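Colleague: Here it is, the structure in full.
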Protein chains: 2
Amino acid sequence: MATKTAVTEKRYRIGEFATKTGLSGPTLRYYEKEGLVKPHRSDNGLRYYTDADASWIKFLLHLKGTGMTIEQLKQYVAWRAEGDATITKRLQLLKNVRRGFLQEFEELQHSMTILNDKIDWYQGKVDGHISDNEGFANYLASLNHEE
Amino acid sequence: MATKTAVTEKRYRIGEFATKTGLSGPTLRYYEKEGLVKPHRSDNGLRYYTDADASWIKFLLHLKGTGMTIEQLKQYVAWRAEGDATITKRLQLLKNVRRGFLQEFEELQHSMTILNDKIDWYQGKVDGHISDNEGFANYLASLNHEE
DNA sequence: ACATTAGTTAAAGTCGACTTTAACTCATAG
DNA sequence: CTATGAGTTAAAGTCGACTTTAACTAATGT
């Protein structure tokens, strides 16, 4: 059996960790106050974070990126702290998040289409492909993007 | 030459228009105050909106959906009011918006991947495909989604 | 030793995007 | 003709997610 090699893990103080994660120091403290992350303390009382904390933060930021609010993240973290008994709850929460996200995603794609059409229309005007008095509504109707 | 048939266009009062656009009355007044929309007034002084206003609002909401702030929308509207001389500015603005949006879109897709992986992992735990003590980091590493 | 730079806390402030309130007037069905 | 439901305004309030401030202590380079 392999023996545990006691490689002391790297300790990041809040400034370095902020740079590493792309968050600000105050934001890290704010997340801590909200219970989203629990940094450790050195003997002198200063916070330190590890690479594991960085992975955790990254994951949280991805969840946040999918539209979860801080409150939802707190709920998730609270359930996680309760252990395996809450796994189905967490699974359900994440599935709900995914549902909302997919919905939002479709709307984003539609908005992207409209934005592209508008850009094409302006480009056409600038390049002189579209007559000076053709409105965007007409132009849109000339494409087949129904609402 | 065809004569103009004076079909009186439908007038929506703010309540009906709010329902139509999915915005609230106060939000419509707020957008008006910010100069994003200019409803008309009946003789009695009440606002009314037309179908053209509805199209305009929809378009604005699509722009907003791509990440434009109210301030950016105000800038866009201001340039629009200045006429054709600002077309290249507007085109440039929309292209910038698109650039940012595409960037954001990629991040969203990555977050979606992570979310899906996490859901699969939980599902595996619930279904017993994943051993009780396999962490998510290990599981992630077992997939080939590099950061 | 001492000047910088980084970290500590709690509390207050900011910002964007609305929402709510207050004190009105207008519209309309019975 | 009056009760009830929209609409009017300006101003204040809310909410989420931070950010800034103040008043301090710890760490570090010269």
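The values are calculated or read from the model by the stated rules, or taken from the named source; none is laboratory data. Keep in mind the model is a prediction, meaning the values are calculated, not measured. Here the Cβ positions follow ideal geometry from the backbone for every residue, glycine too, while neighbour counts run over all protein chains shown. When the accessible area is computed, the model is the full protein with side chains, heavy atoms only, and any ligands, DNA or RNA have been set aside. Shrake-Rupley method; radii C 1.70, N 1.55, O 1.52, S 1.80 Å.
Colleague: Could you pull out the GluC sites (Glu not before Pro) across the range A:1-84 that fall in loop regions by DSSP (anything but H, G, I, E, B) with no more than 15 other Cβ atoms inside 10 Å? Walk me through the intermediate numbers first.
Modeller: Numbers: sites: A:GLU9, A:GLU16, A:GLU32, A:GLU34, A:GLU71, A:GLU82; in loops: A:GLU9, A:GLU34.
In loop regions of the range A:1-84 (DSSP not H, G, I, E or B), the sparsely surrounded GluC sites (Glu not before Pro) are A:GLU9, A:GLU34.
Colleague: Excluding A:ILE87 itself, what net charge comes from residues whose Cβ is under 12 Å from its Cβ, given Lys and Arg +1 and Asp and Glu -1?
Modeller: On the way: positive: A:ARG80, A:LYS89, A:ARG90, B:LYS118, B:LYS125; negative: A:GLU82, A:ASP84, B:ASP127, B:ASP132.
Overall, the nearby charge balance is +1.
Colleague: Still on this structure, I have one more. I'd like to verify something in chain A: which complete DSSP H helices, judged by Cα projection on the helix axis, reach 30 Å or more and average at least -1.0 on the Kyte-Doolittle scale? All intermediate terms of the calculation are to be shown ahead of the outcome.
Modeller: Values: long enough: A:87-127 (58 Å, -0.67).
Going by DSSP H runs, the hits are A:87-127.
Colleague: Okay, moving on. If amide hydrogens are placed 1.01 Å from N in the peptide plane, which non-local residues have theirs closer than 5 Å to the one on A:ARG13?
Modeller: A:TYR49
Colleague: Another question about this same structure. On the accessible surface of the range B:53-147, probed at 1.4 Å, how many percent belong to carbon and sulfur atoms? It would help to have the intermediate numbers written out before the result.
Modeller: Values: 2470 of 5190 Å².
Of all accessible area on the range B:53-147, carbon and sulfur atoms account for 48 percent.
Colleague: If you don't mind, there's one more thing I want to ask. Taking Rh as the Kirkwood radius, which is the inverse of the mean 1/r over Cα pairs, what is the Rg/Rh value for the protein assembly as shown? Working shown, then result.
Modeller: Working: Rg = 25.9 Å, Rh = 23.6 Å.
Rg/Rh for the protein assembly as shown comes to 1.10.
Colleague: Using the heavy atoms of the protein chains alone and a 1.4 angstrom probe, what is the accessible area of the protein assembly as shown per residue in square angstrom? Walk me through the numbers before you get to the answer.
Modeller: On the way: 18000 Å² over 294 residues.
Accessible area per residue, the protein assembly as shown: 61 Å².
Colleague: What do the square roots of 5 times the Cα gyration tensor eigenvalues come to for chain B, in whole Å, largest first, as semi-axes of the equivalent ellipsoid?
Modeller: 48, 21, 14
Colleague: Rounded to whole Å and sorted largest first, what semi-axes of the equivalent ellipsoid does the C-alpha gyration tensor of the range B:9-65 yield via the square root of 5 times each eigenvalue?
Modeller: Working: eigenvalues 63, 29, 21 Å².
Square roots of five times the eigenvalues give 18, 12, 10 Å.
Colleague: Here's a follow-up. With a bin width of 5 angstrom, please list the P(r) values of the range A:69-147 as percents of all Cα-Cα pairs, from the 0 bin to the one holding the largest distance.
Modeller: The percentages, shortest bin first, are 3, 12, 16, 13, 9, 7, 7, 7, 7, 7, 6, 4, 2, 0.
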